[in-house]
Structure formats: structure tokens, C-alpha cells
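The values are calculated or read from the model by the stated rules, or taken from the named source; none is laboratory data. Remember, predicted model here, so these are calculated numbers, not experimental data. Please note: Cβ atoms are built from the backbone with ideal geometry, for glycine as well, and neighbour counts cover all protein chains shown. Areas reflect the complete protein model, heavy atoms only, side chains present, ligands, DNA and RNA absent. Shrake-Rupley method; radii C 1.70, N 1.55, O 1.52, S 1.80 Å.
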Amino acid sequence: MRGEFQPDSELMKEYGLAPDDLLPASAEDKEATDQIRPSVSYWQDARKRFMRNKVGMAMLIVLAIIVLAAILGPMLSPYTYQSQSRDVRLGPSLSHPFGTDRLGRDTFTRVMFGTRVSLFVGVATSFSVLIIGLAYGGISAYVGGWADNIMMRFVDLMMTIPTVLIVIILSVATRDIFTSLLTNPRYAAIASMGSGLISILAVFSMFNWIGMARTVRGALLMNRSQEYVMASEAFGAKAGWIITKHLLPNSIGIIIISATGIIPGAIAMESFLSFIGLGVAAPVPSLGSLAADALNGIISYPLNIIVSSGLISMLMLSFNVIGDSLRDALDPRLRK
Amino acid sequence: MLRYIAKHFVSSLITLFFVVTITFFLMQAAPGNPFMNERSDPRVVARLMERYGYDRPVWEQYLNYLNDLLHGDLGESITDRSLTGMTVLEMLGKYFPNSAKVGGICALISISLSIPLGLLAAVKHDTLFDRCFIFLSSLFASLPNFVMAVALMLCFGVWLKVLPVAYLTDWKSYILPVFSMAFPQIFGLARLMRTTMLDVIGQDYIRTARAKGLPPYKVMFKHAFRNAMLPVVTAVGPMIATVLTGSMVIEGLFAIAGVGKYYVGSIGARDYPMIMGTTIMFSALLILANYVVDVLYGIIDPRIKLE
């Protein structure tokens, strides 16, 4: 019969094998070998690894609670972040869970609004950096040649600039420009967060994309030189196919890791600027300016500073730890 | 090697020039002027602007400033002139030593504590010590400078009343400002040390060294530690930058008359000559730190020189 296995009887005799020993594998046998390890996709594996990390999961829950409170808190609270009253520096109570500040404003509402500001700055910066970095790094990696050379020279130049100094002065300088841009009623929701916030966001994006562009370019180039991409090209795959099917999926892990890494950095920078009084402008509260404000009564009324600085630390800690465990989960070099 | 050093020096100078230029124009573009005040008469402001030459075109001011700068003249601080009568250069000379003392001690403590700590964590990899270390380092990396400072202030200054919380007087007054900046640095650097050390320990040549029967301490220090130091050296440049940013917060909090505190103040007051002066000093410091790290790296890592 064609295709059926015909053992060499001479050889079998030489090795002392009976004909029964060399039967073709049955369908069952084949299935058993196939299913020793069920196929696990990259994302399933990453999720499993992430969920196995207890500290990471705990921090994810903490972060979820903070995010929920930041979104719902100011909405459900009967006070606004700037409504003052005569109940100055109250302790915690049912109507004021974190007490009130020196102008009788509800600390809970203010702190939760400040958390909103922090979250917005962190996530929005990371998002815009992601877009700029993907575009810049992608073009640089794909076009290559002299364009890549010039683009990377520019990145090198940007890297040497002491960011902190420029960020401080730039966020002060651009504030009015963004205020005038935001007078358009269409952007009322963003404007309610304060124009200082938008200039901070723009300035952070302006300086943070550099690292992202490098990461993207590096990851794309590394994958581009792999044999499987060459094989795909040899089969006649077009640029679009190679980018969307090979390069991006294989670089996405490292890109997500760097994008999450941006969030705590941006939050820290915003709170630093607000703390020294050059960030989000009053009356909009930010965790940094709340902490600076609470310094006034630090000895007689430490609750305010404990709440605001505790919250910003929790926020940063959860983002840092989640970033770390995401790295462990997504970095293909660590996969076993 | 000389070419490498010279090339980096020139590019550092170019960067410094860039920063000066960007800051100058941004500062002028920032809303307000050094004489803004709700009560001030617009005519008086106009006269003052004329007196200081701020009514001329920005380009002319820029060229004038560069000319003065090349002659070593940083101008006079506008807000402090009437009070102290000092030039920007004199003010920097007066305040910088305070900042340098706190920042320098902080950097020294960070480097000298972090390296042994990181090594210890790497050697005791996957033990309870290592896990506690990882947790503490993520915790300290997450505490903003001001939170750390306020926490230390409350604990040691307000509740325990053992350490002073303001001014630089005796050695005790350095402890809180230095450590509120140093804690995150110590753990950050130590974590980097641990990671690179673990990386190096996994390399083949370490196995070879072990296989030929070298005692473990020799493998650790002669083979692993030297190579693990490379990335740590690079981290010292950014560390100086962080200490600098820290100084803006810490000097304000602990009432230290340092450059960081006055930098923040001068931006708020739009004190143009002071902003420029402090920016030039800070960026020169940062760029110098990066330059030294680059050169050191070239010396330590022979592979760089070959490029």
C-alpha cells in the first residue's frame, strides 16, 4: 500500500525487533504527543505570569480602588473642590471622611480631584508619548539610511538637554498659550482641570517621547533582522503585512513596558512642579500643591499632609509595582 | 582617547549653549515681567523695563546677554538688588556652597551605601533579605522627595524632637535634608547594582572562573563586580540631576539658603538675570556630570574606545 510504513525485515532481524514493535502510531498516540503542552498564546502566558505575582495583583486592586474613588469621589461628594465653609480644620467625620483644610474645604473632594489630575497627567502623557514615539521610532527604523541617521542624531541631542530645567521654564512659559487655546467651549472638560495641566502634559510629552522612540526603533530593528521576517519577505509579503503581523506584535511587549514606565515618572514630575508652586495653578488642587498647602499646619493639623502625600505615594507605588510585574510578565527574554 | 575626550567636550559646550538659548527665549515668552505687581503703575513699569533694557527687541537682548556672558557678567538680580546689592555671580557664590554641601554629602552617602547593599542583595539572591530589599526599593522609588522629607521631618523633628528641621547650623542639621534626598537614591542605585550583578553572575566567564577553582570572593570581586560596575557608573550622571531637582524641594522645605530654593523663587518672580544665572550653573553642572561619566565610561569600558 502506498504511504504505509514498510519496515526493512533484514534490519529488524539484526536489531532483534519483532514486527509488532514497529507499528505506525495510532491517531490516539499522535494526539497524546501533540497535547503534552497545550498551545498557550503570548497574552495568555503573560496574563498567567502577571496573575501569579501576588504583590502586583494586590497593587492592581489598590490602583483600581484609587481610580474608582478618583472618578466617583468628586462626583458623589456634595462639595466641590473650591467650596469653602466655616468648618475649618475638622477631623475625620462621616460628612468629611478626611476632614477639612484651613479654608474649610472638604479634603476628600480635593484630594480625589488631585488624584484625577495626577492620573490624567500620567495616563495622557504616556499615551501621547506612545503615539509620538511609535511614529518617530517607526519611521526612523523603517526608512533607515540617512533619514534614520539624522533622526537619531536629533534624539541624541535631546537626550543631553537637562530636561528638568527646561520642563520647569517651559511649563511656565506655555501656560498662557494653552489657556487661550482652551477658551473654546468644546474643550470645557479639559479646561476644568486647569490650563496649567495641559501645558504640563504638552511639555512632558515633548521630552519623554525620546526614550520611547529609541525603544520602538530598537525593538523594530531587532525583529526586522530576524530570519522569520526575511522568510516572510521572501514569500512576497508587503511592508504593511510585515509591520502589522510581524514587527508590531513582537515588539508590543517592550513598548507596553516602557509606556507604563512613563506614568509614574509623569505623576512624580507633576507633583514636584505643583509642590514647588510652578505646576497646576490654584484653585485646581493637585496632590503636590495640596501637600505644599498642608505644610502650613503641619504640626497642629498633620492630617492634610498625611492624606495627600500618602495618596501620591500609594499611586506611585502601585504604578511602579504594576510596571515591574508587567515587565516580568511581558518581557520575552525572561520567558521560560 | 584624547580625541574622544575633546569630541565630548565640544558637544557638551554646544548643549550648554542650546540650553542657555532655549531658556532665554522661553523666559521672555513667559507671561509677566520682573516688575509685575498689581499695584504698580504701568508708567513706572515701562520706565523700569527701559532702565533694564527689556523694552528692546528680544534678539538684541539675547545678543547683549551673550556678550555679557562671555565677559563673565551675569547681571544683577532684580528682586534682590535693592536688598543685598549683590550681582547674580555673587549670589551664586554665596548660595552654591550650601547646595553643594547637602548635595555632595547626599551623593557620597548614596554611592557608598548603595554599592555594598546591592552586592549583598545580589549575593543573597532569592532569600528573605533580597525580597525585603526589593520591596523597600520599590517603596522608596515611589516616594516623592517632598513626601520623604515631610515624613522624616514629622518623625524626627516634630514628634521625637531629636533633629533640627530648618537651616544649616551644626552637623545634626544636615541629617534630615541629606537623608530625605539620599534614601531613594540609595535604594535606586542599589537595585541597579543588584540587577547588573545578577546579570553578570549568569555569564559564561563567571562559570569558567568558578570551574577553575577560584574562591567565591575572588570570583565576586575580581570578575563579577568590576563588570557590574559599568552600568552603575552611567547611573551617577542622572543621579546628580535628581539630587539637583531634589534640592529645589528640600532647600525650600528645610529653609536652606541654596541655589535650588532661589531658582524656584526667581522663576516665580520672573527675575530674568537670576533665572539665567541659575540655569547656566545648573545645566553646566549637569552637563559636566554627564561629560565626566562619558569620559569615565570610555576609560573603564575599552569597547567604547574602539568605536
Subject >> Farthest positive-ward along the range B:1-159 dipole, Cα basis, beta-carbon charges - from B:106, B:86, B:135 >> reply: B:135
Original post:
Out of B:216, B:284, B:44, whose Cα points farthest toward the positive end of the dipole of the protein assembly as shown (charges: +1 Lys, Arg; -1 Asp, Glu; placed on Cβ)?
Top reply: B:44
Original post:
Using helices alone, what [θ] at 222 nm do you get for chain A, with -39,500 (n - 2.57) per DSSP H run of 4 or more residues, divided over all residues and rounded to the nearest 500?
Top reply: -22500 deg cm²/dmol
Original post:
Heavy-atom accessible area of residue B:174 with all protein chains present, probe 1.4 Å, nearest 10 Å²?
Top reply: 40 Å²
Subject >> Among B:123, B:178, B:189 the positive-end extreme of the charge dipole of chain B (Cβ point charges) >> reply: B:123
Original post:
Taking a probe of 1.4 angstrom, what is the accessible area of residue A:80 in Å², to the nearest 10?
Top reply: 80 Å²
Subject >> Heavy-atom SASA rank of A:209, B:59, A:241, A:146 (probe 1.4 Å, accessible area, largest first) >> reply: A:146, B:59, A:241, A:209
**OP:** State, to one decimal in nm, how far the label point of residue B:3 lies from the label point of residue A:52, with both points 7 Å from Cα in the Cβ direction.
**Re:** 5.1 nm
Subject >> Spacing of the two label points (7 Å from each Cα toward its C-beta) at residue A:67 and residue A:154, in nm >> reply: 3.3 nm
Subject >> For the protein assembly as shown, convex hull volume per residue from C-alpha positions, Å³ >> reply: 262 Å³
**OP:** Please work out how much accessible surface residue A:39 shows to a 1.4 Å probe, ignoring ligands, DNA and RNA, in Å² rounded to 10.
**Re:** 110 Å²
Subject >> Inter-site label distance for residue A:76 and residue B:101 at 7 Å from Cα along Cβ, in nm >> reply: 5.2 nm
Subject >> Reachable lysines, given that their alpha-carbon falls under 28 Å from the alpha-carbon of residue B:124 and they are not under 8 places away in the same chain >> reply: A:48, A:54, A:336, B:212, B:218, B:222
Original post:
Quick one: putting +1 on the C-beta of Lys and Arg, -1 on the C-beta of Asp and Glu, what dipole do you get for the range B:88-300 around its Cα centre, in Debye to the nearest 20?
Top reply: 620 debye
Original post:
What does the helix-only formula give at 222 nm for chain B: each DSSP H stretch with n ≥ 4 adding -39500 (n - 2.57), the total divided by the residues, and the result rounded to the nearest 500 deg cm²/dmol?
Top reply: -25000 deg cm²/dmol
Subject >> Heavy-atom SASA rank of A:301, A:15 (probe 1.4 Å, accessible area, largest first) >> reply: A:15, A:301
Original post:
Within chain B, which is the longest segment containing none of the trypsin sites (Lys or Arg not before Pro) that sit in a DSSP loop and have at most 12 other Cβ atoms within 10 Å?
Top reply: B:40-160
Subject >> Two-decimal log10 I(q)/I(0) for chain B, as the Debye equation yields it once each C-alpha is a single scatterer, q = 0.08, 0.10 Å⁻¹ >> reply: -0.49, -0.72
Original post:
So, with +1 on the Cβ of K and R and -1 on the Cβ of D and E, and no other charges, what is the size of the charge dipole of the range A:137-290 about its Cα centre, to the nearest 20 debye?
Top reply: 200 debye
**OP:** For an R0 of 60 angstrom, estimate the FRET efficiency from the Cβ-Cβ distance between residue B:63 and residue A:30 and round to the nearest 0.05.
**Re:** 0.15
Original post:
Based on Cβ point charges of +1 for Lys and Arg and -1 for Asp and Glu, what charge dipole magnitude is obtained for the range B:2-73 about its Cα centre, in debye rounded to the nearest 20?
Top reply: 220 debye
Original post:
Where does each of A:96, B:8 land when they are ordered by accessible area, with a 1.4 Å probe and the largest first?
Top reply: B:8, A:96
Original post:
Based on the Cβ-Cβ distance from residue B:51 to residue B:17, what FRET efficiency comes out when R0 is 41 Å, to the nearest 0.05?
Top reply: 0.90
Subject >> Accessible area buried between chains A and B, both sides summed, probe 1.4 Å, in Å² to nearest 100 >> reply: 3000 Å²
